[in-house]
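What follows is a single structure, written as structure tokens, with notes after it.
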Amino acid sequence: MQDLDLSSIKILLVDDEAHCTKLMEALLKQAGYSRITATNDARQAAQLFQEIKPDLVALDMRMPHMDGFEVMRQLKPMIPNDDYVPILIITGELDAPTKHKALAEGANDFINKPVDGTEVVLRIKNQLETRRLHQQVRMHNQHLEAQVRLRTKVVEQTQLDLLNRLVLASEYRHDVTGAHAWRVGRVSMLLAEMKGLPPDQVDMLKKTAPLHDVGKIGLLDSVIMKVGAYDESDWEAMKLHTKIGSKLLSDSRAPLLIMAREIALTHHERWDGTGYHRLKELQTPLPGRIVALADAFDVMTHACSYKASLTLSEARVEIERQAGKQFDPELSQLFLKLIDREGEALMANATAVQLFA
Ligand SMILES: [Fe+2]
């Protein structure tokens, strides 16, 4: 094991008797220590501890004004939980209960007065070795924690990159930019915030809402790429995208994919129970009800091959009209407030970078 670098080690001595601190200082200097601070007034111990941040404290127990117990009580909160600063009690004979109490208060070792020079130096060295080992373990743990954080970030980013590409793949045949998907993600996020969902849920929603139509990847070209109005059979075929999306995203234990699956399956449900799967009112999970509104709003306010777009105020009227019919009535009220607050900006394009940051 590498030798301790004695010149860098700081020791704080606290003893009311000047001849004791002088003797200790002499012993320690002879042993090679040079950064020694001593006080004969226990009331100064805490301040000195803060100033010099010692590697070890040698402390007398019986002192006027403040005994060793009180000094230890003052020092304890100054030592971080993951640090180890040994406290050596240097005192006359101690009875067993006092020794037990001192150990319970944070003492790490005892030395009896009158001190034996060799014993003092050896015990102090032992304690400093323990401190060094503790510091090495702590540094190693910090290094490992940093590595875990870094790798977790890489895994999370990989997951988001894959989700991003899945969105683009699902939109590719009818909207190469994926603009609808990202807008729905952003509007869903704003509505979730209005609803007062916790930040981690809002974050998950903004990342999973763009996947609501992922099941369109499995639809026939004759349906997904059709120009003009859909007939009944087209709509029946189109409805399958919720089931396909749910299947694509099933059997994962990742919270993001679990939420994405729920949204893919339920974003065409209606409050009155006349949606794709006939779920009524609160039977549709909240993420599905939020995305149902955000998706419908986006479809209303953007033109496609078979219909023109509504203006913002026309969309507002439509949402108000459908509150409690197509949409969750409470979410509808929040959405109306969102329209009033955001104005035309609510219809603006979003990007994957904004949502997946
Ligand atoms: Fe859809």
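The values are calculated or read from the model by the stated rules, or taken from the named source; none is laboratory data. A quick note: this is a predicted structure, and the numbers were derived from the prediction, not measured. All Cβ positions, even for glycine, are placed from backbone atoms using ideal geometry, and neighbour counts span all protein chains on display. What goes into the accessible areas is simple: the full protein's heavy atoms, side chains included, and nothing from ligands, DNA or RNA. Shrake-Rupley method; radii C 1.70, N 1.55, O 1.52, S 1.80 Å.
Residues to consider are Leu282, Leu286, Leu293; find the one that is more than 14 Å from the ligand (Cβ to nearest atom) and either of a type in the set (Asp, Glu) or open to solvent by less than 60 Å² (accessible area, probe 1.4 Å) (or both).
Values: Leu282 fails: either of a type in the set (Asp, Glu) or open to solvent by less than 60 Å² (accessible area, probe 1.4 Å) (or both); Leu293 fails: more than 14 Å from the ligand (Cβ to nearest atom).
On inspection, the qualifying residue turns out to be Leu286.
Name the pairs: first residue in segment 92-108 and in contact (Cβ under 8 Å) with a residue 12 or more places away in the chain, second residue in a loop (DSSP other than H, G, I, E, B), Cβ to Cβ under 6 Å, at least 6 apart or on different chains?
The qualifying pairs are Gly92/Lys113; Asn108/Pro86.
Would you be able to tell me the number of residues in segment 302-345 that are within 16 Å of the ligand (Cβ to nearest atom) and open to solvent by less than 20 Å² (accessible area, probe 1.4 Å)?
Number of matching residues: 1.
Which ones in segment 274-311 are in contact with a helix residue (DSSP H, G or I) (Cβ under 6 Å, 6 or more places away or on another chain) and not in a helix (DSSP H, G or I)?
Tyr276, Thr284, Pro285, Ser309, Leu310
For the subset of segment 238-259 comprising residues that are away from the ligand (no atom under 13 Å from the Cβ) and assigned to a helix (DSSP H, G or I), which member is surrounded by the fewest Cβ atoms within 10 Å (Cβ to Cβ)?
Quick first cut of segment 238-259, residues away from the ligand (no atom under 13 Å from the Cβ) only: 247-259.
Restricting the remaining residues to those that are assigned to a helix (DSSP H, G or I) gives 247-248, 255-259.
Details: Lys247: 14, Leu248: 18, Pro255: 12, Leu256: 18, Leu257: 18, Ile258: 15, Met259: 21.
By that ranking, first place goes to Pro255.
Report, by residue number, each residue of segment 1-26 that is outside any loop (DSSP other than H, G, I, E, B) and either open to solvent by less than 30 Å² (accessible area, probe 1.4 Å) or hydrophobic (A, V, I, L, M, F, W, C) (or both). Break it down into steps so the answer makes sense when it comes.
Of segment 1-26, the ones outside any loop (DSSP other than H, G, I, E, B) are 6-8, 10-14, 18-26.
Within segment 1-26, Leu6, Ile11, Leu12, Leu13, Val14, Ala18, Cys20, Thr21, Leu23, Met24, Ala26 meet the criteria.
Among (1) within 20 Å of Glu17 (Cβ to Cβ); (2) in contact (Cβ under 8 Å) with a residue 60 or more places away in the chain, there is one condition Asn40 misses while meeting the rest; what is its number?
(2) is the only condition that Asn40 fails.
Give the number of residues within segment 264-273 that are crowded, with 17+ Cβ neighbours inside 10 Å and not in a helix (DSSP H, G or I).
Residues of segment 264-273 crowded, with 17+ Cβ neighbours inside 10 Å: 264-271.
Applying the additional criterion that residues be not in a helix (DSSP H, G or I) yields 267-271.
The qualifying residues number 5.
Does Ser233 meet the test of being more than 16 Å from the ligand (Cβ to nearest atom) and assigned to a helix (DSSP H, G or I)?
Numbers: more than 16 Å from the ligand (Cβ to nearest atom): yes; assigned to a helix (DSSP H, G or I): yes.
Yes.
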